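Visitor: Pasting a structure below so you can have a look.
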Amino acid sequence: MLDLGATSANNIRFFTERGHKYHSEDLLLGSLDPGLVTQDEQGNRVLDEKRFLAENLAYEGALFDIVFCWNLPDYLDESLVKPVVGRLWSTMKPGGMLLVFFHTKDAGPDSPCYRYHIMGQDVLEMQHIVAPGKGSFRLQRVFNNRHIENLFRDFSSIKFFLARDNIREVLVIR
């Protein structure tokens, strides 16, 4: 399994105690590397997606049964969202599941970014996280259902669930 949030001792313990092989990678923090900043043809600031993917998510194909994406797409730079989803598709086994959370309404760019800690089989703790030396992560966008369906169009199934606190849980099957 792959956890794409900040390292959580609770998550590591929860899954390793159950005999699962666990990988953790903080893509949001990795996206803040100043060396990734480039410009596109129009002179707009973008992140170098090829370099980002070479340094992150560098796993062999069809390795993971489960991926916890948490709220990554809402906070990740726009230029990286589609490439990351494409890489996740290739690193997941056929039939593998991906869990991702999306905001259901725009709470403003200062909407807090959370790290999720699995406390038990039906308990998830949320902890506000900030970028070291940079302050709060900023909400980049709010995806509607159509955008989410397009983002995961190469996957075989997408199921939406409305959660608390204006969050939509999405379970995606490769």
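Visitor: Mind scanning Lys82/Lys134; Lys93/Lys134; Lys93/Lys159 and naming the pairs with a C-alpha gap bigger than 29 Å?
Guide: Pairs exceeding the cut-off: Lys93/Lys134.
Visitor: Can you list the aspartates and glutamates whose alpha carbon is less than 20 Å from that of Lys105, not counting same-chain residues fewer than 8 positions off?
Guide: Asp74, Asp77, Glu78, Glu149, Asp165, Glu169
Visitor: Taking R0 as 35 Å, what FRET efficiency do you get between Ile12 and Val46 from their Cβ-Cβ distance, rounded to the nearest 0.05? Could the numbers behind the result be given before it?
Guide: Values: r = 33 Å, r/R0 = 0.95.
Efficiency computed from Cβ-Cβ geometry: 0.55.
Visitor: Contour minus end-to-end for Lys82 and Ser157, with contour as 0.36 nm per residue of separation and end-to-end as the Cα-Cα distance?
Guide: Working: separation 75, 0.36 × 75 = 27.00 nm, distance 1.73 nm.
Difference between extended and current length: 25.3 nm.
Visitor: Have a look at the range 2-173 and give its Rg and Dmax from the Cα atoms, expressed in angstrom.
Guide: Considering the range 2-173 through its Cα atoms, Rg and Dmax are 15.7, 51 Å.
Visitor: Could you check which residue among Gly95, Gly86, Gly43 shows the biggest mean-square fluctuation in a GNM of the chain with a 10 Å Cα cutoff?
Guide: In this elastic network of the chain, the residue with the biggest mean-square fluctuation among Gly95, Gly86, Gly43 is Gly43.
Visitor: Under the rule a/c < 1.5 gives rounded, and otherwise a/b versus b/c splits prolate from oblate, where does the range 24-119 land using the Cα gyration tensor?
Guide: On the way: a/c = 1.94, a/b = 1.15, b/c = 1.68.
The shape class here is oblate.
Visitor: Of all beta bridges DSSP finds with both residues in the chain, what is the antiparallel percent, to the nearest 5?
Guide: Details: 24 of 33 bridges.
Once the DSSP bridges in the chain are tallied, antiparallel ones form about 75 percent.
Visitor: Let me ask you something else. In whole Hz, with x marking every Gly and Pro, tabulate ³J(HN,Hα) for the range 58-72 from phi via Karplus 6.51 cos²θ - 1.76 cosθ + 1.60, θ = phi - 60°.
Guide: Residue by residue, the range 58-72 yields 8, 10, 5, x, 6, 9, 9, 8, 9, 10, 9, 8, 6, 9, 3 Hz.
We did not get these values from a lab; they are worked out from the coordinates using the rules stated. These figures come from a predicted structure and were not determined experimentally. Glycine gets a Cβ as well: all are built from the backbone with ideal geometry, and neighbour counts include every protein chain shown.
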